[in-house]
Amino acid sequence: MNAANRLPAAFAELEPFVDQWCLATSNERTTARRNSTPEEREAFFNAGKVIAADALQLLDQKPLDQLDDKEQCLMSLLLSLAHVSLAVEIQGGDEARHALASQHMPITRSPSNPR
Amino acid sequence: MTAELPVFEPVTKEEASRIGTAPVPAGPYYQSDYFDAECEAVFRRSWLNVGHTCELPEPGDYIVRELEVANASLLITRNRDGLLKAFHNACTHRGTQLVSEPCGRRQVFSCPYHMWTFNSDGELRNAPDFDQFYVDKAELNLKPVAVDSCGGMLFINLNPNPAQSLRDYLGPLADQLETLPSARATTFSEYVYEIDANWKLTYDNFQENYHLRFIHPKTGAATSGKDNPFGYPLRYGFHDPHRTQTIWSNPQPQIQPFQMLAFGKGMQFAMQDGLVGSEQSKEYYAVFPNLFILGSPMQPFSHTVYPISATKSRGVIRIYWVGEDDCASRRFAREYAMGLARDIHSEDRAVIEAGQRGLNSGALTHIHFQAQEVLCRHLFNMVDERVQAYRAERQTGGAQ
């Protein structure tokens with residue numbers, strides 16, 4: 001697969017984050033947050049926070065079930081960004097300690113999970 | 001803007017003292033004989049939350065719930081007339097669990113062992129070679145359990161003929177629960193935890209704010225402020241056996257930039273859905289014995305603490321949503337709101353378990369609750385009243 005062609009063209013700068021953060025379920029996203037390094041989270045958050053509002057604006061133009069593969073990938077990145085932002089922006093240096101606690105609370109249902 | 005902010009005034013020590021001031025015995029928080037009495041005196045006689053009506057919206061829908069506190073597996077159905085029904089999930093032939101899937105939709109339930117088949121009203125409709133039995137089919141319907149709902153919350157009562165209807169049991173809370181976002185919910189997010197701790201010890205953590213600044217230094221920032229450093233509530237309400245608190249929130253919260261994006265979207269949809277401005281939006285309901293409901297427009301949740309043993313419990317937390325995700329921004333706002341609520345809830349588990357480990361030795365004979373832990377004291381009072389009445393009932397029965 002072409003690693004440089006999985007997102008809508010306007011958001012190509014997020015391509016390096018697709019492998020790690022384009023995930024299907026909420027529990028996979030929070031698990032990825034927990035298993036990532038502080039550097040990986042910061043890099044993703046810094047790249048994502050500046051485009052998040054524009055990306056939502058683009059995706060909001062279509063019903064969710066009509067998003068194409070690239071748009072769905074972007075949606076998935078934004079959902080992972082929600083989890084990662086909690087680590088970087090809210091927990092900060094407490095994230096390592098927090099991760100120990102959060103592993104005991106799996107997400108068992110989410111409207112964003114595939115049906 | 002230099003508008004004067006309201007000054008926080010806590011509930012006074014004198015006001016709280018009417019629920020009691022004496023130390024509370026520690027034994028009920030770890031002893032198995034007390035737990036066994038609670039199972040009978042509280043959990044077999046109270047209405048218990050087991051889910052939400054949005055889990056079975058259509059005739060033929062069903063859910064199965066395991067209720068360890070009563071060693072029971074329950075089958076809850078919506079029959080052909082759209083009415084809720086609940087039964088023990090046990091074939092009336094030799095007790096085999098009838099349904100193994102957690103949920104689904106069907107009109108009949110066939111036991112895998114000998115193919116006895118029941119309808120969604122629990123009636124035995126067919127049993128192969130039934131002439132060989134010595135009993136009437138009409139006596140073999142599934143064993144019923146009382147079921148009802150209020151504000152979307154689904155409750156069962158293991159007594160098929162409960163002493164009170166659900167609405168009478170909920171008292172003044174019933175009308176209020178009907179006004180909460182959870183009453184209109186069509187779907188939800190859910191996260192769960194297992195915990196090595198007594199159900200009351202676990203539940204108590206979530207009905208006192210004394211710990212917030214120590215256990216939630218980052219995620220709890222919005223719940224404390226200069227004039228209310230512990231984030232104590234504005235009011236407590238007692239509606240025996242239930243209780244409420246009116247949550248105080250910092251009028252000048254520090255909201256981070258990305259958080260603002262998510263909160264802004266969440267607020268936009270909450271307003272669009274008519275969930276903002278309710279009088280109950282800051283009420284945190286503690287429905288006896290083991291359910292919490294919060295009516296917040298952006299993170300309306302329920303939290304049920306299911307007892308498993310004297311020192312083991314399971315928590316199920318659900319954030320309720322009105323309507324399916326219909327656009328990217330709504331989906332994003334929900335994911336963030338669920339993630340934040342889960343971050344806060346997950347921070348409590350370890351310290352609750354540490355509390356249990358400390359109590360298990362019996363080194364402490366009593367627990368001291370301060371005025372702002374009055375809801376914990378009230379829960380103990382409500383449970384202990386029932387346990388002592390049950391024990392007295394047993395003694396009287398035994399003497400006859």
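The values are calculated or read from the model by the stated rules, or taken from the named source; none is laboratory data. All values reported here derive from a predicted model rather than from experimental measurement. We place every Cβ from the backbone using ideal geometry, glycine too, and count neighbours over all the protein chains shown. Calculation scope for accessible area: heavy atoms of the full protein, side chains included, ligands and nucleic acids excluded. Shrake-Rupley method; radii C 1.70, N 1.55, O 1.52, S 1.80 Å.
The table below lists the values:
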{"quantity": "Failed item, numbered, when B:R342 is tested on (1) facing chain A (nearest Cβ under 7 Å); (2) closer than 20 Å to A:P114 by Cα", "calculated": "(2)"}
{"quantity": "Flag if B:L67 is buried (at least 17 other Cβ atoms within 10 Å of the Cβ) and outside the structural domain of B:L379 (by TED's automatic domain parsing)", "calculated": "yes"}
{"quantity": "Residues of the range B:102-117 satisfying the condition of being closer than 16 Å to B:F133 by Cα and of a type in the set (A, V, I, L, M, F, W, C)", "calculated": "B:M115, B:W116"}
{"quantity": "Number of positions in the range B:193-219 that are under 19 Å from the mean Cα position of the chain (by Cα), open to solvent by 30 Å² or more (accessible area, probe 1.4 Å) and more than 10 Å from chain A (Cβ to nearest Cβ)", "calculated": "2"}
{"quantity": "Residues being under 24 Å from the mean Cα position of the chain (by Cα), of a type outside the set (K, R) and open to solvent by 40 Å² or more (accessible area, probe 1.4 Å) - total across the range B:357-388", "calculated": "3"}
{"quantity": "Pairs where the first residue, in the range B:337-356, is over 13 Å from B:A262 (Cβ atoms) and the second is aromatic (F, W, Y) and open to solvent by less than 30 Å² (accessible area, probe 1.4 Å), C-beta under 7 Å, 6+ apart", "calculated": "B:R342/B:Y191; B:R349/B:Y193"}
{"quantity": "Helices (runs of 4 or more DSSP H) wholly inside the range A:34-115 that include at least 3 residues being modelled with pLDDT of 95 or more, open to solvent by 10 Å² or more (accessible area, probe 1.4 Å) and not aromatic (F, W, Y)", "calculated": "A:38-49, A:52-59, A:69-85"}
{"quantity": "B:E279, sole failed condition from (1) more than 14 Å from chain A (Cβ to nearest Cβ); (2) open to solvent by 60 Å² or more (accessible area, probe 1.4 Å); (3) at pLDDT 95 or above", "calculated": "(3)"}
{"quantity": "Residue tally, condition surrounded by fewer than 16 Cβ atoms within 10 Å (Cβ to Cβ) and part of a helix (DSSP H, G or I), over the range B:175-186", "calculated": "1"}
{"quantity": "Neighbours by Cβ (under 9 Å, 6+ apart or cross-chain): first from the range B:251-278, on the phi > 0 side of the Ramachandran plot; second open to solvent by less than 70 Å² (accessible area, probe 1.4 Å)", "calculated": "B:G274/B:V322; B:G277/B:P297"}
{"quantity": "Selection status of B:G315, outside the structural domain of B:C150 (by TED's automatic domain parsing), among the small types (G, A, S) and not in a strand (DSSP E or B)", "calculated": "no"}
